[in-house]
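Worksheet: the structure to be examined is printed underneath.
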Amino acid sequence: MGQPIIQVENLQKTYGAVHAVRGITFSVEAGEVFGLLGPNGAGKTSTVEILEGLRTADSGLVRVCGLDPEASGNEFKQNIGAVLQSTSLPDKLRVKEAIDLFADFYKRRADTRQLLKQFQLEEKQSAYYMHLSGGQKQRLALAMALVNDPKVVFLDEPTAGLDPQVRREIYAIIEQLRRENTTVLLTTHYIEEAERLCDRVAIVDHGKVIAMGTPRELKHRAAGTTRIEVRSARPVVDGILSRLEGVSDSREFEGTYVLHSSQPPQTIVALVKALEQENNELQSLEMFSPSLEDVFIELTGRHLRE
Amino acid sequence: MGTTWTLTKMRIRLAVRNRAFFFFSFVMPLIFLFGAVAFFTKGSVGWISYVLGAILTLTVMGSFWGLSVQLVTFREQGVLRRFRVAPVSASDLLASSIIANYFLTIPIVVLEIVLCRYAFHLKSWGNLWAIFVLVTLGSAAFAAFGLIVASVTNTMQETQMINNLLWMGFLFLSGATIPLAIFPGWLQRFALFIPATYLATGLEGSATNLAGVREIVTDIIALALGLWVAFEVSRQLFRWEPEAKAPRRAKIWAAAALVPFIVFGVWENMAGTRIRQIQRDYKVLSGHTMPFQSPQSK
């Protein structure tokens, strides 16, 4: 294994009294799609913006393509592409003009027509930026991130705020990048996104990496448990659910009881009996195989989107 | 230079698609021109050249408004941060806005001169070389002053407020609207510290062909120095991020842009030649039908 294309060691960043990044360490190999998964305010955007050269780290080591993003200036920028979380373009810039404009800044430039086709923007190439839908704007942002055929692409919450269909379109584009062996660093708070798109994921919370590995490895850390979500007619007496056979963890989220069980059939039988004894009624029951959400809950005791 | 030129072309494209730009940069100066010719010259051909100088000054000074507003809008909308991850520097962005503004100012300047010459029977073209140099440096310098305003303000509201204050000063204390010669002596001396005075007296003197070489060279040097300092200050204070606030030192840096004009103001006040020149030019023009009564000519 050669030198990682992205290297982050003990990264720290504070904003006044807020300690946004507290010693984050990870590395990304060339051709890998690496995800930073965590709730809002976890420190993902601060980390990725330091990597993009938009922010200055308080301390720690950061290298992208062997270069220091802050000190290497244009040489560094020639090698990266970025979709920022909060950004815009001039209202009356046309789609094709925007791609051509940014392509002109780089030594290597992709074919504009090819990008328009790849991102399904051919029909909108003469439209003003202000007239594009959210999904079209995001596809344009992705096209612009690839105008220089970059070695590393940073995607900061690329599907935030988009409807499910548009989100799936963006997933298809990222999967295409993955097939083309483009190195991608993706931040997200969507479990599905991280599980589906990333080769490896770092789960970030309160400015720290609390777990890292492939989605499969991380899900195994959820102790091979199955998540059972239960709703009952009346509240369940405290402590009863956590004592059920096979249950390793039990929590309540907004009226839904979430159980993690290593023996789901036994747990369900015991659950039905326990509710009968309480004269309570089972309203719904759903079973889920372990997800990264379960890993997050196990590690932090919270849902990702709390 | 390639990046600056690419950005310049984008800015020109965006400006011509903007109706507000078209109104403020093309329609309004023409309204001023027709209004000033009708109101101030009272049919006297001699005063047309003076009015032309004043209108050119207003047109060139207008650069100041548009650029500050555009830079703040781009910053607030997060447009600048998108450029920041590309190989684009603050200098590229600032220089492109100044150059684009210059190319957009030239057509209206030419139109104003041609209109005065052929529609309002201007007898002479004036000192066209001096006009060209002063318009070039003036448009760049006032654009750079606008960029400083954008650098020291945090919101569009603040930008508009400071723009209004400065614009009023530039408009009424520089001789661009009211001839300096009819001001009280102390106000004439104060006007020599205002950047717009060097543009207004230079363009009026060049259009009327009354300004001497020394006066025009002084105006050119003052505007060139003002441009250089203002560009450097706005580069130092440039902020990419919408949430980045202007640091306290920003106001001190901004004040540095006035240094060349303070130096020239002191020098011109001590020499006294410029005020004498302004009064002499006014007397010459007053030989024609006078729109104003000068205290000195009584």
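Size check on the range B:73-218: the Cα extents along the three principal axes, sorted descending, read 53, 35, 29 Å. Here the residues A:258, B:79, ranked from fewest to most Cβ neighbours within 10 Å of their Cβ, fall in the order A:258, B:79.
Among the listed pairs B:9/B:245; A:151/A:219; A:96/A:151; A:13/A:92, those with a Cα-Cα distance over 27 Å are B:9/B:245; A:151/A:219; A:13/A:92.
Charged neighbours of residue A:21, selected by a Cβ distance under 11 Å, balance to +3 (K, R count +1; D, E count -1). Roughly how many Å is it from the Cα centre of the range A:123-175 to that of the range B:213-270, as a whole number? Between the Cα centres of the range A:123-175 and the range B:213-270 lies a distance of 42 Å. Expressed in units of 2.2 N^0.38 Å, where N is the residue count, the Cα radius of gyration of the range B:1-55 is 1.66. Each label was represented as a point 7 Å from its Cα along the Cα-to-Cβ direction; for residue B:251 and residue A:212 these points are 4.6 nm apart. Taking only the C-alpha atoms of the protein assembly as shown, Rg followed by Dmax gives 32.7, 113 Å. If you fit an axis through the alpha-carbon atoms of helix B:195-208 and take the longest principal axis of the Cα set of chain B, what angle between them do you get, 0 to 90°, nearest 10? Orientation of helix B:195-208: about 50 degrees from the principal axis. For chain B, the equivalent ellipsoid derived from the alpha-carbon gyration tensor has semi-axes of 34, 21, 16 Å in decreasing order. The calculated FRET efficiency for residue A:151 paired with residue A:68, based on their beta-carbon distance and R0 = 22 Å, is about 0.90. About its Cα centre, the dipole of the range A:223-289 is roughly 100 debye, where the only charges are +1 on Lys and Arg Cβ and -1 on Asp and Glu Cβ. The residue list A:79, B:21, A:120 was ranked by how far each Cα lies along the charge dipole of the protein assembly as shown toward its positive end, using unit charges on Cβ atoms, and B:21 comes out on top.
In the range A:223-289, the ratio of gyration radius to Kirkwood radius, Rg to Rh, stands at 0.91 when only Cα atoms are counted. Give me the net charge for the shell around residue A:204: Cβ to Cβ below 11 angstrom, other residues only, Lys and Arg +1, Asp and Glu -1. Net of charged neighbours comes to +2. Shape analysis of chain A based on the Cα gyration tensor places the equivalent ellipsoid semi-axes at 42, 23, 16 Å, largest first. Only Lys, Arg, Asp and Glu carry charge here, each on its Cβ (+1 for the first two, -1 for the last two); on that basis the range A:6-219 has a dipole of about 200 debye about its Cα centre. Between residue A:209 and A:25, the built amide H atoms are under 5 Å apart, and every one of these is 5 or more places off in sequence or on another chain. Once the Cβ-Cβ distance of residue A:277 and residue A:303 is raised to the sixth power relative to R0 = 45 Å, the FRET efficiency obtained is 0.90. Taking chain A as a Gaussian network of alpha-carbon nodes connected by springs under 10 Å, the highest mean-square fluctuation of the residues A:137, A:96, A:117 belongs to A:117.
Readers should treat all values here as calculations from the given coordinates under stated rules, not as data from a laboratory. All values derive from a computational prediction rather than experimental measurement. Note: ideal-geometry Cβ built from the backbone for every residue, glycine included; neighbour counts use all protein chains shown.
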